[in-house]
Amino acid sequence: MSEFLITLKYRNETLFYFGLLCLFAALVFIILAWVNSNTVLGVKAWYKPFKFAFSIFLYSWTMGWFCSYLPNFSTSFFNWTVIVLLGFEIVYIALQASRGQLSHFNVSTPLYSAMYSMMAIAATIISLYTAYIAVLFFTSELPQLSTHYLWSIRLGLILFVIFSLEGFFMGSRMAHTVGAADGGGGIPILNWSMKYGDLRIAHFIGMHALQVLPILSYYVLKGTKLTIVLSIIYGLLAVFTLFQALQAKPIQKL
């Protein structure tokens, strides 16, 4: 682990420290969830900023690692795009949690509506920037990477982009639960509904292909065909959970 951290810091020091800051914030938020009584729609308010901070920590370190492979890529501009846009999301989500207010799907006032729109714009820019990076992994000469590892990165990026943009679908519905109103109990911390369909499950599975596929390919599969087959199965799993959610079926019926 220490070797990984040293290498990551060397590859992209800026995203290394931003990711570390997000990890620290995630730890603070989960502690607040235990000691603070604030709730939003019947759910502990600090769970949401915890999930976002931890997810952004993973994204920052993953992209810091991957982008170092790309020749002639402007890591500085990408780094500050990530820091400004995703940092804004964490701060606003945490601020709303402290107030016991919704961050997403909150259009109850002109200010909340504007802030929600800004978060949507920020997430869209990050998704499109990631899509651009995916294109670079298809078009750049990367002889230092094994074929199976390269394909795991490519397919992980593609699935990340597709299922991050699934957020637009949730936004168009102004809800992530299908078959009932948002809120109430669910799986601990993640709080996915155990009674109704939940669009966040496919969102989570698809976006974290960014970490799952390269790790499995590099350390376990070590073959291009196996990597592509696993990626297809993984993508189909995400699609299946999305289809199940749209049928208002909860996770235990998957």
Between S37 and Q247, with labels modelled 7 Å along Cα→Cβ, what's the label distance in nm to one decimal, could you check?
4.2 nm
Plugging the Cβ-Cβ distance of S74 and Q211 into 1/(1 + (r/R0)^6) at R0 = 30 Å yields, to the nearest 0.05, a FRET efficiency of 0.80
Taking Cα atoms, the helix 110-139 axis meets the longest principal axis of the chain at an angle in degrees (rounded to 10) of 20 degrees
Leaving out same-chain residues fewer than 8 places away, which lysines sit with a Cα under 22 Å from that of K51?
K195
Evaluate the distance, in nm, between pseudo-label points positioned 7 Å from the Cα of A180 and of T81 along their respective Cα→Cβ axes.
4.0 nm
Please determine, in degrees from 0 to 90 and to the nearest 10, the orientation of helix 224-246 with respect to the longest principal axis defined by the Cα atoms of the chain, where the helix direction is its Cα long axis.
10 degrees
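Where does each of 57-65, 90-98 land if you order them by average Cβ count within 10 Å, highest first? Walk me through the numbers before you get to the answer.
Working: 57-65: 22.1, 90-98: 19.0.
Packing order, densest peptide first, comes out as 57-65, 90-98.
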Given axes a ≥ b ≥ c from the Cα gyration tensor, I'd like to know whether segment 129-209 is rounded (a/c under 1.5), prolate (a/b larger than b/c) or oblate.
prolate
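Using R₀ = 41 Å, calculate the FRET efficiency as 1/(1 + (r/R₀)^6) where r is the Cβ-Cβ separation of V239 and T139; round to 0.05. Don't jump to the answer; show the numbers that get you there.
On the way: r = 26 Å, r/R0 = 0.65.
Between V239 and T139 the formula returns 0.95.
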What is the local net charge at N36, summed over the other residues whose Cβ is closer than 15 Å to its Cβ (Lys, Arg +1; Asp, Glu -1)?
+3
May I ask for the angle, rounded to the nearest 10°, between helix 47-67 and the longest principal axis of the chain, with both axes built from Cα atoms and the value confined to 0 to 90°?
10 degrees
Among [x] 7, 28, 36, 22, 6, 0; [y] 7, 32, 38, 18, 4, 0; [z] 8, 31, 35, 19, 6, 2, 0, the value of P(r) over Cα pairs in 10 Å bins from 0, in percent computed for this structure carries the label [x]
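Each value in this text was obtained by applying a stated rule to the coordinates, not by laboratory testing. Keep in mind the model is a prediction, meaning the values are calculated, not measured. Because the Cβ atoms are built from the backbone with ideal geometry, glycine has one as well, and the counts that use them run over all protein chains shown.
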